[in-house]
Amino acid sequence: MNKQIQRIRGDRVWKYGGAVMALGLIVGTVVNSIKPLSPRAYNSFFAFECLIEVTVGYISASRYTQGLIAAALSAAKAALVGIAPELALGLLWAMKLIHPTILDINGIPRVIGNGVVDLCIRSGADVSPGHALLVVPVAVISGLAAGLIGGLIGGRGERTFESRYRCE
């Protein structure tokens, strides 16, 4: 049992951050399918995901003493794991197994589908399954930026700066 606990503690934080983000996306999609999220709740959902990315960058920089780039990459990997349910939904949509409902920015149905309401796409225009792929670069860019911020907060940047430029 102790070996398992040590393994979990020593594992990279991006895996857990990505799993939490993926689970949050699934829960958010279910809630959004039951009753469309208001614009405020919709924005809060993605702020929560950004907070997780910043946390992954922070922990990567402070606990694992990784540099800023490595912290940013860790958060980007977590973001990629986190969007896996959205990519699966896009794949099922492309295979014509399901057709999700697409809401506009105010939460009003724009494209009526069957059962599932897509959480990551809110658009006033017609969309296709290929639009689900646009989530990938958005997730990577936001993950890199949030991980960089988390890494800076984690103190790695401060320690590097202080060690290079000591003010005595």
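A few points about this structure:
- Residue among Gly113, Gly130, Gly107, Gly57 that alone is part of a loop (DSSP other than H, G, I, E, B), in contact (Cβ under 8 Å) with a residue 24 or more places away in the chain and of a type in the set (Gly, Ala, Ser): Gly107
- When the residues of region 29-54 are filtered to those that are of a type in the set (Gly, Ala, Ser) and in contact (Cβ under 8 Å) with a residue 60 or more places away in the chain, the one that is farthest from Ala84 (Cα to Cα) is Ser38.
- Restricting region 25-75 to residues that are of a type in the set (D, E, K, R) and farther than 19 Å from Ile141 by Cβ, the residue that is surrounded by the most Cβ atoms within 10 Å (Cβ to Cβ): Arg63
- The residue that is nearest to Arg12 (Cα to Cα), counting only those in region 76-96 that are crowded, with 21+ Cβ neighbours inside 10 Å and among the small types (Gly, Ala, Ser), is Ala78.
Every number in this text was worked out from the coordinates using simple rules, so none of it is lab data. Keep in mind it's a predicted model, so treat the numbers as computed, not measured. Because the Cβ atoms are built from the backbone with ideal geometry, glycine has one as well, and the counts that use them run over all protein chains shown.
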